[in-house]
Amino acid sequence: MRDLETNLKKFAIIASLVKEINGRWTLGRTAIQKYLYLLQEVYGFDIGYEFKFYTYGPFSSEILANIDILAQIGAVKVDSVVYSSGAHGYKVTPDNLIDTIIENEPNYKDNDKLKDIISKFISSSAEDLELDATIVWVDRDLSSKAESSFKQIEDLVKQLKPKFDDSKIKEHIEKLRGYGFLKIAVGA
C-alpha cells in the first residue's frame with residue numbers, strides 16, 4: 001500500500017509540473033529530471049527519487065519510467081521533437097487524464113514549492129537546468145568536506161561539464177547562491 005501511495009504522489013508531482021509549465025515553455029524529459037532533482041534537493045521536498053550523476057547531470061531512471069506510465073495511461077503525451085539546433089528531444093504535454101492524476105492524490109495538491117521552483121527556472125533552457133542541477137550536485141558533494149569553496153564548485157563543474165565556459169558557470173553559481181540553494185558558505 002505504501003508503494004502505491006508513493007507512486008501516486010510521484011505521478012501527481014510530475015503531472016502537476018507538466019500542467020503548470022504547459023504553454024509557457026517546452027518541457028522535455030531532461031528538464032523534468034532537473035526540476036524534480038532541484039525540488040527534492042534544494043527544497044527538501046520528499047519525493048523519493050534516487051539520483052545518480054549521468055551525462056546531463058543528476059538522473060533517475062525511475063522518473064523516465066514514471067513519465068512512460070503517465071503517457072500509457074493518458075495523463076501526458078510524449079512527442080519526439082527536433083529543435084532548431086538540430087538536436088532531438090522529447091516534448092511532454094498534458095493529456096486527457098492529467099487532472100484525474102492530480103486530483104486523486106490526497107497527499108499532494110497544488111504545492112507551493114513546485115510553483116516556486118517553476119517561477120525561478122521557467123525561462124531556463126534544458127541546458128541551463130542541466131548546469132544548475134550539476135552545480136547543486138557538486139555543492140552537496142563538497143559541502144560535506146571541511147574546507148570547501150565556490151571556486152572548488154566552479155572547478156569541479158568545469159571538469160564535469162567542459163562545454164560550459166567559466167563565465168556561465170560563475171553566473172549560475174551566483175544565481176543559485178542568491179536563491180540560497182547552495183550549502184557551501186565559504187566564498188571563492
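The values are calculated or read from the model by the stated rules, or taken from the named source; none is laboratory data. Predicted model, so just to flag it, every value in this text is computed and none were measured. All Cβ positions, glycine included, derive from the backbone under ideal geometry; neighbour counts span all protein chains shown.
If a residue has to be of a type outside the set (D, E, K, R) and either touching a residue at least 40 places away in the same chain (Cβ under 8 Å) or within 15 Å of Ser16 (Cβ to Cβ) (or both) to count, how many in the stretch 73-121 make the cut?
Pass one, the stretch 73-121, residues of a type outside the set (D, E, K, R): 73-76, 78, 80-90, 92-94, 96-98, 100-102, 104, 106-108, 111, 114, 117-119, 121.
Still in the list and also either touching a residue at least 40 places away in the same chain (Cβ under 8 Å) or within 15 Å of Ser16 (Cβ to Cβ) (or both): 75-76, 78, 81, 89-90, 92-94, 97-98, 100-102, 104, 106-108, 111, 114, 117-119, 121.
The number of residues fulfilling the criteria is 24.
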Give the stretch 31-55 a look and list any residue that's crowded, with 22+ Cβ neighbours inside 10 Å and touching a strand residue (DSSP E or B) at 6+ places or on another chain (Cβ under 8 Å), or say none. Ile32, Gln33, Lys34, Tyr37
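Tell me, which residue of the stretch 59-80 that is touching a Leu at 6+ places or on another chain (Cβ under 7 Å) and surrounded by 16 or more Cβ atoms within 10 Å (Cβ to Cβ) is nearest to Asp99 (Cα to Cα)? Quick ask: steps written out before the conclusion?
Residues of the stretch 59-80 touching a Leu at 6+ places or on another chain (Cβ under 7 Å): 63, 73-76.
Still in the running and surrounded by 16 or more Cβ atoms within 10 Å (Cβ to Cβ): 63, 75-76.
Working: Ile63: 19, Ala75: 8, Val76: 10 Å.
If we take residues in the stretch 59-80 being touching a Leu at 6+ places or on another chain (Cβ under 7 Å) and surrounded by 16 or more Cβ atoms within 10 Å (Cβ to Cβ), then Ala75 is nearest to Asp99 (Cα to Cα).
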If we scan the stretch 5-25, do we find a residue that is over 23 Å from Lys120 (Cα atoms), touching a residue at least 40 places away in the same chain (Cβ under 8 Å) and touching a Leu at 6+ places or on another chain (Cβ under 7 Å)? no
Restricting attention to the stretch 45-71, which residues are charged (D, E, K, R), farther than 19 Å from Val92 by Cα and out of contact with any Ser or Thr (no Cβ under 9 Å at 6 or more places or on another chain)? Asp46
Under 6 Å between Cβ atoms, at least 6 apart or on separate chains: pull out the pairs that start in the stretch 122-146 with a residue that is outside any helix (DSSP H, G or I) and end on any residue that is modelled with pLDDT of 85 or more. Ser143/Lys183
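Before we move on, is Asp155 in contact with a strand residue (DSSP E or B) (Cβ under 9 Å, 6 or more places away or on another chain) and either under 30 Å from Ala75 (Cβ atoms) or modelled with pLDDT of 90 or more (or both)?
Numbers: in contact with a strand residue (DSSP E or B) (Cβ under 9 Å, 6 or more places away or on another chain): no; either under 30 Å from Ala75 (Cβ atoms) or modelled with pLDDT of 90 or more (or both): yes.
Spelling it out, it is not the case that Asp155 is in contact with a strand residue (DSSP E or B) (Cβ under 9 Å, 6 or more places away or on another chain) and either under 30 Å from Ala75 (Cβ atoms) or modelled with pLDDT of 90 or more (or both).
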Taking into account only those residues within the stretch 94-112 that are part of a loop (DSSP other than H, G, I, E, B) and at pLDDT 95 or above, which is nearest to Tyr35 (Cα to Cα)? Asp95
